[in-house]
Amino acid sequence: MFLRTNPPQQSVTHAILEREQLTLSNVQIDSWLLQMDESAIEPALRNIMAKYQWRRPESIEVTRSASGRTYLREDVLGRPLYLGIACSATLGVVIVSREARIGIDLVSPHDADRLMPAIEDSIGVQERDLIAGLSPAARRRALLSIWTRKRALQAANAVVEQSPLQSIAVGLGELALDLPASFGWLDRWRVHGFTLRGGELGSIAVYTHDQLLVIGAGDRRSGLKKTAFAGYERRR
């Protein structure tokens, strides 16, 4: 699910490293891994979305809703393309889908000390019971994983409302333990975790569908050129 590597330094004008198509919970998703700093987010999004629009990147307008959702309203099919975005200090991950209820989060272990007070404050009784008895190192990693799961679900449901993290209870697998009423059916949600070779932990939360929900619009101009990182090893 994303390039598993520590890529060398790149210019922000060449921030896009790799695109990969995946299907999670019967939703087709394009995932993108970028090396970038904060100033490169907007240009990178324009470059990505230009591939679905057959337009020049500078002509792309990315829309953000009041709840923080990011999407492109006018694409080649006339239906919204929804984006999920998450960043660490040097890496960004972007997912593109036609499912509005989708979210992503990414955290670097290097940020654990800074984030731990907020993580501990968001953890509920059910989650504490799950990690009771773990070694300190395992507990720390489990807390980071739970944090990304909670935040991915929070972002995914922002199309309805942004629920407090304390109201979202998750385990270490694909199923949530408890969700606010605004999420709808608990068993319709899935959380998929991933790890980047640099140690970053991430999660994608998505609402499931009985039938395959596809993006239906890709870069039909000339396809993506292979990057210098295309041969790097992947691991799932």
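Just one residue in the set Gly199, Gly133, Gly103, Gly173 is surrounded by fewer than 15 Cβ atoms within 10 Å (Cβ to Cβ) and in contact with a helix residue (DSSP H, G or I) (Cβ under 6 Å, 6 or more places away or on another chain); that residue is Gly199.
With the requirement that a residue be closer than 15 Å to Val206 by Cβ and in contact with a strand residue (DSSP E or B) (Cβ under 9 Å, 6 or more places away or on another chain), what does region 151-167 give you?
The answer is Arg151, Ala152, Leu153, Gln154, Ala155, Ala156, Asn157, Ala158, Val159.
Within region 116-130, the set of residues being closer than 20 Å to Glu200 by Cβ, surrounded by 15 or more Cβ atoms within 10 Å (Cβ to Cβ) and not hydroxyl-bearing (Ser, Thr, Tyr) comprises Ile119 only.
Quick check: anything in region 148-159 within 22 Å of the chain's Cα centre (by Cα) and among the β-branched types (Val, Ile, Thr)? Yes, the conditions are met somewhere in region 148-159. Just one residue in the set Gly199, Gly171 is farther than 23 Å from Arg98 by Cα, in contact with a Ser or Thr (Cβ under 8 Å, 6 or more places away or on another chain) and not basic (Lys, Arg); that residue is Gly199.
Residues being within 30 Å of Leu83 (Cα to Cα), not in a helix (DSSP H, G or I) and not acidic (Asp, Glu) are entirely absent from region 125-135.
Contact map, region 31-43: first residue surrounded by fewer than 18 Cβ atoms within 10 Å (Cβ to Cβ) and of a type in the set (Gly, Ala, Ser), second residue modelled with pLDDT under 80 and not in a strand (DSSP E or B), Cβ cut-off under 8 Å, separation 6 or more or different chains; pairs are Ser39/Val12.
Could we say that Leu143 is free of Cβ contacts under 8 Å to residues at least 40 places away in the same chain, touching an Asp or Glu at 6+ places or on another chain (Cβ under 8 Å) and not in a loop (DSSP other than H, G, I, E, B) here?
Against the criterion (free of Cβ contacts under 8 Å to residues at least 40 places away in the same chain, touching an Asp or Glu at 6+ places or on another chain (Cβ under 8 Å) and not in a loop (DSSP other than H, G, I, E, B)), Leu143 qualifies.
Is there a residue in region 164-173 that is among the hydroxyl-bearing types (Ser, Thr, Tyr) and more than 24 Å from Arg128 (Cβ to Cβ)? Full working, then the answer.
Initial filter on region 164-173 (among the hydroxyl-bearing types (Ser, Thr, Tyr)): 167.
Right, trim to more than 24 Å from Arg128 (Cβ to Cβ) and you get none.
So far as region 164-173 goes, no, none of its residues is among the hydroxyl-bearing types (Ser, Thr, Tyr) and more than 24 Å from Arg128 (Cβ to Cβ).
Any residue in region 152-161 that is more than 28 Å from Arg64 (Cα to Cα), acidic (Asp, Glu) and either buried (at least 17 other Cβ atoms within 10 Å of the Cβ) or in contact (Cβ under 8 Å) with a residue 12 or more places away in the chain (or both)? For region 152-161, residues more than 28 Å from Arg64 (Cα to Cα), acidic (Asp, Glu) and either buried (at least 17 other Cβ atoms within 10 Å of the Cβ) or in contact (Cβ under 8 Å) with a residue 12 or more places away in the chain (or both): absent.
The values are calculated or read from the model by the stated rules, or taken from the named source; none is laboratory data. Only a predicted model underlies this, so the values are computations on that prediction, with no experimental measurement involved. All Cβ positions, even for glycine, are placed from backbone atoms using ideal geometry, and neighbour counts span all protein chains on display.
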